[in-house]
1. Take residue 214 and decide whether it is out of contact with any helix residue (DSSP H, G or I) (no Cβ under 7 Å at 6 or more places or on another chain), surrounded by 12 or more Cβ atoms within 10 Å (Cβ to Cβ) and either in the same structural domain as residue 133 (by TED's automatic domain parsing) or modelled with pLDDT of 90 or more (or both).
2. Quick one: how many residues across segment 14-26 are under 32 Å from the mean Cα position of the chain (by Cα) and more than 20 Å from residue 115 (Cβ to Cβ)?
3. Of 75, 11, which residue is within 14 Å of residue 112 (Cβ to Cβ), buried (at least 16 other Cβ atoms within 10 Å of the Cβ) and touching a helix residue (DSSP H, G or I) at 6+ places or on another chain (Cβ under 9 Å)?
4. Scan segment 134-146 for residues that are assigned to a loop (DSSP other than H, G, I, E, B) and more than 16 Å from residue 176 (Cβ to Cβ) and jot them down.
5. Residue 175 versus (1) under 30 Å from residue 141 (Cβ atoms); (2) touching a helix residue (DSSP H, G or I) at 6+ places or on another chain (Cβ under 7 Å): which is the lone unmet condition?
6. Among the candidates 148, 161, single out the residue that is in the same structural domain as residue 78 (by TED's automatic domain parsing) and within 25 Å of residue 251 (Cβ to Cβ).
């Protein structure tokens with residue numbers, strides 16, 4: 001049985017001891033390289049040193065100092081990469097960055113992590129998970145990318161965001177934790193009115209089926225309330241429903257319209273339950 005080195009365990013994403021002499025030497029070398037890189041008098045010299053230090057780069061790479069990294073050899077950068085001031089790459093595992101990517105100041109990419117259990121954590125064991133960033137990605141100032149995140153092509157990340165999960169191509173994300181706030185649509189011809197109407201007809205067909213199921217449940221609730229002599233109108237419950245609906249919206253610009261729709265829907269449900277109870281409903 002072959003005993004693997006701590007470095008091999010680290011690269012494989014397994015628990016390893018960071019104080020292993022080979023890894024300590026690698027980090028010391030990386031520190032000396034980063035010092036030389038950050039003190040380079042010209043952008044051309046700095047770019048050449050980065051090409052010699054990183055695991056892989058494209059022909060065009062431009063990074064402003066200060067550039068911080070753990071090892072350097074786990075960083076793989078595509079063509080035409082730009083990073084503004086004071087970016088940090090904790091490349092305990094691999095960091096892969098596609099072509100035509102831009103990083104604003106103070107971007108931080110963390111592959112390193114630690115065991116949750118304090119005994120393991122205090123023992124010195126660590127591990128890491130890779131980060132992969134697609135082509136044409138723009139990270140705003142102060143963005144933090146956490147271990148195991150993959151970002152698709154053409155993703156834009158708003159300033160100050162903390163990205164804790166992966167996202168697909170063509171989205172704008174922001175927040176802590178980051179979430180999708182917009183989709184990036186390819187340039188295309190305006191859709192035809194008839195096609196849009198067909199789409200909404202299909203959506204309405206699904207809504208009708210869901211409304212029928214909802215009314216089946218409304219009927220059962222009304223019968224249960226009647227049997228237990230409970231009032232049809234429950235103000236607290238309806239407020240809770242409205243709050244849940246608002247919290248589930250991905251596009252907040254529709255909040256007022258969708259909330260008003262649900263208020264009407266709940267009113268008609270109450271009227272229906274009152275009719276089941278034989279009560280007259282005023283218009």
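The values are calculated or read from the model by the stated rules, or taken from the named source; none is laboratory data. Computed from a predicted model, the values in this text were never measured in an experiment. Using ideal geometry, Cβ is built from the backbone for each residue, glycine included, and neighbour counts are taken over all protein chains shown.
1. The answer is yes for residue 214.
2. Residues that pass the stated criteria total 1.
3. 75
4. Once the filter is applied, which keeps residues that are assigned to a loop (DSSP other than H, G, I, E, B) and more than 16 Å from residue 176 (Cβ to Cβ), segment 134-146 yields 134, 135, 136, 137.
5. (2)
6. Of the residues listed, the single one that is in the same structural domain as residue 78 (by TED's automatic domain parsing) and within 25 Å of residue 251 (Cβ to Cβ) is 161.
A quick yes/no check of all residues on (1) in a strand (DSSP E or B); (2) out of contact with any helix residue (DSSP H, G or I) (no Cβ under 7 Å at 6 or more places or on another chain); (3) crowded, with 16+ Cβ neighbours inside 10 Å:
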| position | (1), (2), (3) |
| --- | --- |
| 22 | no, no, no |
| 32 | no, yes, no |
| 36 | no, no, no |
| 41 | no, yes, no |
| 47 | no, yes, yes |
| 62 | yes, no, no |
| 96 | yes, yes, yes |
| 100 | no, yes, yes |
| 109 | yes, yes, yes |
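Condition check ((1) touching a strand residue (DSSP E or B) at 6+ places or on another chain (Cβ under 9 Å); (2) assigned to a helix (DSSP H, G or I)) across all residues:
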site: 226; (1), (2): no, yes
site: 229; (1), (2): no, no
site: 243; (1), (2): no, yes
site: 250; (1), (2): yes, no
site: 255; (1), (2): no, yes
site: 272; (1), (2): no, yes
